[in-house]
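Derivation of every value follows stated rules applied to the coordinates shown; laboratory data play no part. As the structure is a computational prediction, the values presented were derived from the model and not from experiment. Backbone-built Cβ (ideal geometry, glycine too); neighbour counts: all protein chains shown.
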Amino acid sequence: MTENDLFLNRDLSWLEFNGRVLDEALDARTPLFERVKFLGIFQSNLDEYFMKRIGSLYSHARVSFRDRLLPMIQDAHHCYESVLKPTLKKNNIELTEWKDLSEEEKNRAKQYYASNVFPVLTPLAVDPGHPFPFLSNLSISLGVILRHLDRNEELFARVKIPSHFPQWVRIDGKRDPRAARFVSIIDLITQNLDTLFYGMEIIDVMPFRITRNTNIERDEEDADDLLELIAEEIKERRFGDVVRIEHGMKTNRRILEFLMEELHLDEDQIYELPGLLEYTSLKPVWELSRPDLKYEPWAPVTPSGLSDNERDMFQIIKQQDLLVHHPYESFATSVEKFIKSAVEDSRVIAIKMTLYRTGADSPFIPLLIAAAEMGKQVVCVVELKARFDEEKNILVAQQLENAGVHVVYGVVGLKTHCKLSMVVRQEGDEARCYAHIGTGNYHSVTARLYTDLGLFTCNPEITDDVVNLFHYLTGRSTKRNYKKLLVAPTTMKDGFLAKIHRETQHAKKGHPARIIAKMNSLEDRDVTEALYQASAAGVKVQLIIRGFCCLRPGVKGLSENITVVSVIGRFLEHSRIFYFQNGQKNPLKGEFFIGSADWMHRNLVNRVEAVAPIEEKLNRERIWEILHVMLDDQRQGWDMTANGAYVRRMVKDEKKDIGTHVHFMRRARHRFIS
């Protein structure tokens, strides 16, 4: 078989994933404002992909990606223009054009423009005395062709659309709390350009938007100061090459060719959009107070055993390992409480933690600072290279360092992506270690939006591994053997390959053999080939992969025992789960793992990752339920075909027309509230 027969193209598979996101905006079963949000998520995903990936693709790969993307752009426009706009209008929310405003509304819009927008605008002419202006990443601009009234000479000017204003301006006077009319700020500025170019004739106007390549990295090996290196990368990123121009249907070819020449772009980097330049601009719409058009609010419940504030969290963990499932179970009353308890407990002598992404108002930062001020040993591994969060992480690192926290930046050449925290507590004559090992970031906001799992344990075999892993991160320990954890880049890839091979041998001997794996993406070729071999031997392989997948499922003679399902919905599926039956007749006696790594080359080879076993029966039962609810999801599930396309499942049983996320919200209420 050729390489193309074995592996799907990563970039085209990612595009299929974003198409599934777009489908949520088209799905009439999704509440209207949530559909508007999904359209914005589709746009945001695409922007990030262009910033991270497209700049590094060869020209022919760019063209292939573009050919697949163009029909999707049309689908997004259809979603906005023919589906969402009319439905919004039926619900008394109108996105109007200037020509459709009443005189009263035009006057109100002009007053808003004069008072707020006009003073901020900076028209920039391009001529021998004024060089071509710098265009910031993802900025929207108006390209304007002007002519002097007293001479036949045309000039180019650029007006940047300010991003700190709402991109849709409400112009109805807010008389009806359930009704609203908006006009685009682009339309508003375009209709008032004469205020910026007094005494000039405006020949033509073309809105456009640019995207820059942000995939700029330097060699860490030669860096004297990693923090300074990353800070310099952030500055350089602002000036990355432009990789895309988007513009509307009313194209001025002179403006477009001028921009292409100035920005050194080819035709395949120009995208003509039939609708809006960006759908994330619709935020003022879904922020309206219309609960009838949104998901029912969800308040995470406190996990069983943690609801009693009088109970010592460390005593609870000492009794049994505790598994938490976010956002169904509260991050605040579990993970945050774990660190808060460690800070307040006088017997706790040390706290260690990894931070990959954390919120601007993270509760963990003041807690770690408070612990350091109390004299506790506090260590924080801050990953400075977390894409698009570098500036935030630099500030966090400096804030922690200034308070006396020991801050390290991980291992040179590797991203620290594992989600670990550890507490050392003096209990009598011994120091006992407690650990939290998670699949998601220590981020209080995303913990309410992403599905993740976390394990609290004081099992010495696991916590000893966590201690040694922190020594690797902070002191460059060369330890390679771990008792329980699979750790990248040292033991994880070989460990997973060995477990897949073991299932293959079980199947050949007629023993029970099965693999179920849930992750964000699958791309590693060695793992993929091992799964093909397992399938050929008769191993049942069930993959739950939200994002892109380079493996081809269901190919006769290659992967006919492999299925791939993608679950897309209200919450972003972020947890990673790995199950190997290991010859056991009772499937619950197989091996269960959770952790931070996808089966991607970067996770297995170029990052520090940790995957932990789930050993207690009750916790295994919960994970078994999670896997099977998702495998059987008729509402949110998509089945992947051998050619990389996805087919949305049709509801066969009305009782199952709720999907994974509603199932577990109901389950959480029943388990912990009823």
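Values computed for the structure shown
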quantity: For the chain, calculated [θ]222 nm from helices alone, where every DSSP H run of n ≥ 4 adds -39500 (n - 2.57); calculated: -10500 deg cm²/dmol
quantity: The chain, relative contact order [Cα under 8 Å, separation at least 6], %; calculated: 12
quantity: Under 5 Å, built H, 5+ apart or other chain: amide partners of Val608; calculated: Lys415, Thr416, His417, Cys418
quantity: Around Ile437: net Lys/Arg minus Asp/Glu count, Cβ-Cβ under 12 Å; calculated: -1
quantity: Fewest-first ranking of Phe134, Phe208, using other Cβ atoms within 10 Å as the exposure measure; calculated: Phe134, Phe208
quantity: Glu427, Glu94, Glu34 arranged by Cβ crowding within 10 Å, fewest neighbours leading; calculated: Glu427, Glu94, Glu34
quantity: Among 583-589, 136-142, 173-179, the order from most to least packed when residues are scored by Cβ within 10 Å on average; calculated: 136-142, 583-589, 173-179
quantity: Fully extended contour minus Cα-Cα distance, from Ser163 to Glu373, at 0.36 nm per residue; calculated: 71.6 nm
quantity: Most to least packed among 452-462, 264-274, 592-602, 287-297 [average Cβ atoms within 10 Å]; calculated: 592-602, 452-462, 264-274, 287-297
quantity: Surface/4 estimate of mean projected area, convex hull on alpha-carbon atoms of segment 516-674, nm²; calculated: 10.4
quantity: Segment 583-657, Rg to Rh (Cα coordinates; Rh as Kirkwood inverse mean 1/r); calculated: 1.06
quantity: Spacing of the two label points (7 Å from each Cα toward its C-beta) at Lys392 and His78, in nm; calculated: 3.6
quantity: Radius of gyration, Dmax [segment 1-81; alpha carbons; angstrom]; calculated: 14.3, 47
quantity: Spin-label model distance (nm) - Lys556 vs Asp653, 7 Å beyond Cα toward Cβ; calculated: 3.1
quantity: Extension gain, Glu236 back to His471 (0.36 nm per residue minus Cα-Cα distance, nm); calculated: 81.3 nm
quantity: Rg(Cα) / (2.2 N^0.38 Å) computed for segment 3-293, rounded to two decimals; calculated: 1.10
quantity: Percentage relative contact order, segment 313-469, counting C-alpha pairs under 8 Å, at least six apart; calculated: 31
quantity: Out-of-range pairs (alpha-carbon distance over 27 Å; input Lys52/Lys518; Lys376/Lys419; Lys484/Lys617; Lys419/Lys509; Lys419/Lys656; Lys340/Lys518); calculated: Lys419/Lys509; Lys419/Lys656; Lys340/Lys518
quantity: Where only alpha carbons of the chain are counted, the Rg and the Dmax (Å); calculated: 27.3, 93
quantity: Amide H partners (placed H, <5 Å) of Arg181, local residues excluded; calculated: Glu94, Ile171, Asp172
quantity: Spin-label pair Val605/Ala61, simplified geometry with 7 Å Cα→Cβ offset, distance in nm; calculated: 1.4
quantity: Label zone at Arg178, where the point sits 7 Å out along the Cα-to-Cβ direction: segment 283-319 residues whose backbone N lies under 14 Å; calculated: 289-294
quantity: For segment 113-170, fraction of C-alpha pairs farther apart than 15 Å, in %; calculated: 58
quantity: Compactness of segment 402-497 as Cα Rg over 2.2 N^0.38 Å, two decimals; calculated: 1.17
quantity: Alpha-carbon spread of segment 356-418, three principal axes, descending order, Å; calculated: 33, 24, 19
quantity: Kirkwood hydrodynamic radius of segment 313-469, from inverse mean 1/r over distinct Cα pairs, in Å; calculated: 15.7
quantity: Modelled FRET efficiency - R0 60 Å, Thr251 with Asn586, Cβ distances, 0.05 increments; calculated: 0.40
quantity: Around Pro366: net Lys/Arg minus Asp/Glu count, Cβ-Cβ under 12 Å; calculated: -2
quantity: Charge sum, other residues only, whose C-beta stays under 11 Å from Asn586's C-beta, Lys/Arg counted +1 and Asp/Glu -1; calculated: +4
